[in-house]
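Worksheet for the structure shown next.
Values in this text are rule-based calculations from the coordinates and carry no lab data. Since we're looking at a predicted model, the values are computed, not measured. When we count neighbours, we look across all protein chains shown, and the Cβ atoms used for this are built from the backbone with ideal geometry, even at glycine.
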Amino acid sequence: MLDRKSVSAAAIAVCCGLPVAGVPQAAHAQTQTHAATMPAVARPQKGTVIAQLRIKRMGLKVAVREGVSDPVLRRGAGHYPGTALPGQEGNTVVLGHRTTWLHPFNKLDRMRRGDRIVLHAGRTTYTYTMRTMRVIKPRDRRVLEPVPFKPLSAPDGQYITLITCTPKGSDRRRLVVVGKLSHTSKRGT
């Protein structure tokens, strides 16, 4: 089994269209801090739709499936296994292509501080407010922390992190958008 550092780089490489052999598909290692703070929850099966992602500024409405394998990302956006699920404390990490397949994150660079990122999961709507955008190196795994970019941090709220490649057509860097939960609402039964 690959360690967390290898899996992280491999999964992000898959997102950007690079073939990666030997990436475990079902489960990824978590940091000990994050694992200790997450409640025991049944993890969704690979390829299962776990949420709908909507971002008005980008005109985006896309299914988020569990996993970041090539077959999953061909169909939309993928939830990075081992990171928080919608509704859990910590960081919900979502990867998506920028220029290939359905290219859900093609316009991710248009996001602005304060923009809403809406995730519909089951009967609950999670609304995040965009806080920051960064361009990072492909091997920078601080983005996967329970509090993005804060190594060894314990969760202090609910975050969403969107990751894609940049510049368009290149896998040289990663474009990262981070939002923090600002509102939760339940849909009628």
Two-decimal Rg/Rh across the stretch 69-110, once Rg and the Kirkwood Rh are taken from alpha-carbon atoms: 1.03
Straight distance only, please: which lysines reach the Cα of LYS180 with their own Cα at less than 16 Å, same-chain residues fewer than 8 apart left out? LYS150
The stretch 88-170 - Rg (one decimal) and Dmax (whole number), Cα, Å: 13.3, 37
Label point distance in nm, VAL135-LYS107, each placed 7 Å from Cα along Cα→Cβ: 2.1
Using +1 on the beta carbon of Lys and Arg, -1 on that of Asp and Glu, and nothing else charged, what's the dipole of the stretch 44-189 about the Cα centre, debye to 20? 540
At R0 = 22 Å, how high is the FRET efficiency between LEU152 and ARG43 if r is their beta carbon distance? Nearest 0.05 is fine. 0.45
Suppose a student asked you for the relative contact order of the stretch 63-189, using Cα pairs under 8 Å spaced at least 6 residues apart; what percent would you report? 26
